[in-house]
Amino acid sequence: MRSARRLTITLSIALVLSMLAACSSAIVAAATVNGYKIKRSDFQRELEAIRGNKAFFDQLTQGGAAGGDNDETISAGVAAGWLTQLITIRLIEEEFERRGLKITDEIRKSSSDQMPDQFGGADIWKKFPKWFRDRMIERISRVTAVEKAFSTAPKSEKDVKKYFDEHPGEFDQFCARHILVDTEDGAKAIAAQLAGGADFATVAKEKSKDTGSGAKGGDLGCLVKSTYVKPFADALAKAEINKVTNPVKSEFGYHLILVTERKPADFEAQKQEITTALGQRDQQALQEFFTKALEKAKVDVDPRYGKVEKSAQGLRVVPPDTTQPSSIRQDPTGPTGEDDPAASNEPVGGTTAP
């Protein structure tokens, strides 16, 4: 009898587990990001909150582009735009989770303080439901935590000066010109012209595909090397004064670089520029992370909201030709019921699937 009872309990547990697995797989996703489901009911509920805040929605619908056919619809463009934001934030949240980051009270307060401006002012912000406001604050707090994790630059003047002293030459200014072409063979041919006595500025005006500097004879001004992409910056550091470099390959093509002067850095005179340059380095690190995350991301979108398009500018959801969804209130999965986050144990700050 005891063994039979144990068998019955085991079978019951197996049945429950299989039911839970079936429930999880049945979740309808507005989008899936690297296997993570942004629930359609959550997405629809957020669109309803946006549509219900007339003052905010009127800002979106200026020119009549964002509204639907009646008071209960949202255009495909607005839906696609909001879904693009959710996908983007999800990629950042992955980094938040990977690093095991925490949201401090300081970050949460900062995020809460900035949200009214993000949504058109305090009066408009207060008209959103509390669950919506809480969710937005949570999302932005995670984004802020990731940004802070990438921020390693010294902030105080004392720390900036210490960094400056420990990295001699890093903030020297390079006065330079360049000629940019598409191919290495093209760069070598121009190098031969210059070696034969051709004027650098004249050739830059004629052949550089960087039309901005080309019109000025290739002149880039006098800047710190961190202003440029790494291959270019490395070439600047090694270049001899008034001697054209060998072709330098970067993501833009092939460069011939002529450094005309190197100005040693003066901390007191360049204090602000040095602080700014260090901050830009943090931004570059964050941008490099996000670019790689976008490249590797596997994203699927419910066709009713459009399709994913990746480009050099980033990722976006392109809405379908027809205005969908036809109504934000006719989704069989919500916004009420078992798939409603308000009726589940889901944290208000996320869209975590069960």
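The values are calculated or read from the model by the stated rules, or taken from the named source; none is laboratory data. The model shown is predicted, which means the values in this text are computed figures rather than measured ones. When we count neighbours, we look across all protein chains shown, and the Cβ atoms used for this are built from the backbone with ideal geometry, even at glycine. These area figures cover heavy atoms from the full protein model, side chains too; ligands, DNA and RNA do not enter into them. Shrake-Rupley method; radii C 1.70, N 1.55, O 1.52, S 1.80 Å.
For segment 116-136, does any single residue satisfy the condition of being open to solvent by less than 40 Å² (accessible area, probe 1.4 Å), touching a residue at least 24 places away in the same chain (Cβ under 8 Å), under 25 Å from residue 285 (Cα atoms) and not β-branched (Val, Ile, Thr)?
We begin by selecting, within segment 116-136, every residue open to solvent by less than 40 Å² (accessible area, probe 1.4 Å); these are 116, 119, 121, 124-125, 128, 132, 135-136.
Filter again for touching a residue at least 24 places away in the same chain (Cβ under 8 Å), leaving 119, 124, 128, 132, 135.
Pick out the ones that are also under 25 Å from residue 285 (Cα atoms) and you get none.
The answer is no; no qualifying residue exists.
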One residue from 204, 215, 239 being on the phi < 0 side of the Ramachandran plot, surrounded by 14 or more Cβ atoms within 10 Å (Cβ to Cβ) and in contact with a helix residue (DSSP H, G or I) (Cβ under 8 Å, 6 or more places away or on another chain): 204
Verdict on residue 277 being among the small types (Gly, Ala, Ser) and surrounded by fewer than 18 Cβ atoms within 10 Å (Cβ to Cβ): no
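For segment 217-239, give me the residue count where each residue is aliphatic (A, V, I, L, M) and within 21 Å of residue 203 (Cβ to Cβ).
Quick first cut of segment 217-239, residues aliphatic (A, V, I, L, M) only: 220, 223-224, 229, 233, 235-237, 239.
Then drop every residue that is not within 21 Å of residue 203 (Cβ to Cβ), which leaves 220, 235-236, 239.
Count: 4.
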Residue 246 vs. criteria in contact (Cβ under 8 Å) with a residue 40 or more places away in the chain and part of a loop (DSSP other than H, G, I, E, B): yes
Looking only at segment 292-315, and only at residues there that are in a strand (DSSP E or B) and farther than 17 Å from residue 34 by Cβ, the one that is most open to solvent (accessible area, probe 1.4 Å): 307
Neighbours by Cβ (under 6 Å, 6+ apart or cross-chain): first from segment 199-224, assigned to a strand (DSSP E or B); second surrounded by fewer than 18 Cβ atoms within 10 Å (Cβ to Cβ): 222/175
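Looking only at residues in segment 246-270 that are of a type outside the set (Asp, Glu) and within 29 Å of the chain's Cα centre (by Cα), which one is most open to solvent (accessible area, probe 1.4 Å)?
To start, the set of residues in segment 246-270 that are of a type outside the set (Asp, Glu) comprises 246-250, 252-260, 262-265, 267, 269-270.
Narrowing further to those that are within 29 Å of the chain's Cα centre (by Cα): 248-250, 252-255.
Details: 248: 19, 249: 134, 250: 15, 252: 108, 253: 9, 254: 42, 255: 9 Å².
Only one residue tops the list, namely 249.
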Odd one out for residue 192, checked against (1) in contact (Cβ under 8 Å) with a residue 12 or more places away in the chain; (2) in a helix (DSSP H, G or I); (3) open to solvent by 20 Å² or more (accessible area, probe 1.4 Å): (1)
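If only one of 134, 117 is modelled with pLDDT of 95 or more, part of a helix (DSSP H, G or I) and under 25 Å from the mean Cα position of the chain (by Cα), which one is it?
Details: 117 fails: modelled with pLDDT of 95 or more.
That would be 134, the only listed residue that is modelled with pLDDT of 95 or more, part of a helix (DSSP H, G or I) and under 25 Å from the mean Cα position of the chain (by Cα).
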Filter result (within 20 Å of residue 199 (Cα to Cα) and open to solvent by 40 Å² or more (accessible area, probe 1.4 Å)) within segment 162-181: 177
Filtered residues of segment 145-189 (kept if hydrophobic (A, V, I, L, M, F, W, C), within 30 Å of residue 252 (Cβ to Cβ) and either assigned to a loop (DSSP other than H, G, I, E, B) or in contact with a Phe, Trp or Tyr (Cβ under 8 Å, 6 or more places away or on another chain) (or both)): 146, 150, 153, 164, 171, 179, 180, 181, 187
